[in-house]
There are 2 protein chains.
Amino acid sequence: MSQEDVRQRVGYLVKQVQQSFHRACEERLRPLGLSMSQYAVLRALADAPGAPAAELARRTFVTRQSLRDVLNGLQAAGLASVADHPTAGRAKPVTLTDRGRALLDEADGIVLDVDARMTSSLAPEKAQELAALLSACADNLA
Amino acid sequence: MSQEDVRQRVGYLVKQVQQSFHRACEERLRPLGLSMSQYAVLRALADAPGAPAAELARRTFVTRQSLRDVLNGLQAAGLASVADHPTAGRAKPVTLTDRGRALLDEADGIVLDVDARMTSSLAPEKAQELAALLSACADNLA
DNA sequence: ACTCCTTTGTCAGGTTCCTTACAAAGCCGA
DNA sequence: TCGGCTTTGTAAGGAACCTGACAAAGGAGT
């Protein structure tokens with residue numbers, strides 16, 4: 001068998017790194033009252049203001065049903081706002097509130113910091129190569 | 001800001017790849033009646049026969065509370081078996097049943113295949129480097 | 001012996017994510 | 001025009017994961 005030891009499989013390592021990264025971020029976001037899932041949606045929302053929930057779901061790699069759960073929390077916390085009526089088709093634009101925007105700025109600093117720590121032992125060109133290799137893997141599975 | 005575009009962040013890419021990998025595996029494991037989480041526990045169980053649940057939790061990167069949920073399913077499906085009484089301390093050894101072993105062999109083929117597809121566009125030495133870089137990232141966050 | 005610490009198991013409750021299913025809206029070729 | 005096709009929203013139910021909390025068991029040091 002090509003990979004007798006799971007610890008050398010890319011799939012295994014990706015899971016380990018993702019889990020560690022997720023947890024490290026979650027820990028440091030907790031004081032802000034923000035979860036990683038919520039951060040991801042806020043981040044996507046900043047990148048695509050007024051996008052419908054389905055678009056945010058695609059950007060955060062979850063189903064639109066899952067996104068609804070998170071969006072409900074964000075609305076309840078006053079960080080995001082969903083239009084009452086559809087503008088085009090059935091799509092209701094979602095927007096960041098001022099508090100959402102402010103909290104995202106704080107959270108972004110934290111997440112970027114953890115990201116930097118994750119790659120801190122890598123030379124810049126190695127980190128770039130890692131990103132390129134991961135992109136290739138994502139393409140292969142698409 | 002160092003990473004204005006989220007699509008170039010390692011943390012973002014790792015999440016994307018993990019999500020894609022997880023989904024691709026889940027789809028192909030479904031006909032076996034097995035989830036990715038269940039596969040992970042079976043795999044860990046094969047690597048550490050008779051390990052207590054807490055050890056399996058560490059090996060699969062989840063809490064022992066989460067592992068319990070999955071283990072309950074595996075027991076109900078007759079794929080794993082938990083000793084009635086602790087052998088040392090409070091630890092109850094968990095073991096694979098014959099059906100669990102057989103199903104794992106099937107599942108392993110599937111997961112390894114998806115893993116291979118994920119890195120199919122990479123030269124062997126690039127895939128090795130990817131594994132090394134991911135290991136380094138995991139170490140940095142530990 | 002006794003206290004402190006670590007490990008393990010367990011329960012409760014909540015969040016995130018999934019599949020399945022259906023309804024509503026627009027688009028597009030026949 | 002009219003029936004498919006796609007996209008979007010929504011609902012229900014279940015799986016997997018989490019934190020917090022507690023009890024039980026053993027080990028280490030005093």
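A few comments on the model shown:
- Among (1) surrounded by fewer than 18 Cβ atoms within 10 Å (Cβ to Cβ); (2) of a type in the set (A, V, I, L, M, F, W, C); (3) under 21 Å from B:Val6 (Cβ atoms); (4) more than 13 Å from DNA strand D (Cβ to nearest atom) - the single one A:Ala48 does not satisfy: (4)
- Subset of segment A:103-125 (residues that are farther than 16 Å from A:Arg30 by Cα and exposed (fewer than 15 other Cβ atoms within 10 Å of the Cβ)): A:Arg117, A:Ser120, A:Ser121, A:Ala123, A:Pro124, A:Glu125
- Criterion: within 12 Å of chain A (Cβ to nearest Cβ), within 15 Å of DNA strand D (Cβ to nearest atom) and among the small types (Gly, Ala, Ser) - qualifying residue of B:Ser66, B:Ser20: B:Ser66
- Qualifying residue in segment B:70-85 (condition: away from DNA strand D (no atom under 13 Å from the Cβ), of a type in the set (A, V, I, L, M, F, W, C), farther than 18 Å from A:Arg7 by Cα and touching a strand residue (DSSP E or B) at 6+ places or on another chain (Cβ under 6 Å)): yes
- Looking at segment B:1-67, the helices (runs of 4 or more DSSP H) lying wholly inside it that each contain 1 or more residues that are touching a Cys at 6+ places or on another chain (Cβ under 7 Å) sit at B:10-29, B:36-47.
- Set side by side, the residues A:Ala102, A:Ala131, A:Ala107, A:Ala138 differ, and just one is assigned to a helix (DSSP H, G or I), away from every other protein chain (no Cβ under 14 Å) and under 19 Å from the mean Cα position of the chain (by Cα), which is A:Ala102.
- Criterion: under 24 Å from B:Leu141 (Cβ atoms) and away from chain A (no Cβ under 11 Å) - qualifying residue of B:Ala40, B:Ala57: B:Ala57
Rule-based calculations on the coordinates, nothing more; no lab input. Predicted model, so just to flag it, every value in this text is computed and none were measured. Positions of Cβ are backbone-derived with ideal geometry, glycine not excepted, and every protein chain shown enters the neighbour counts.
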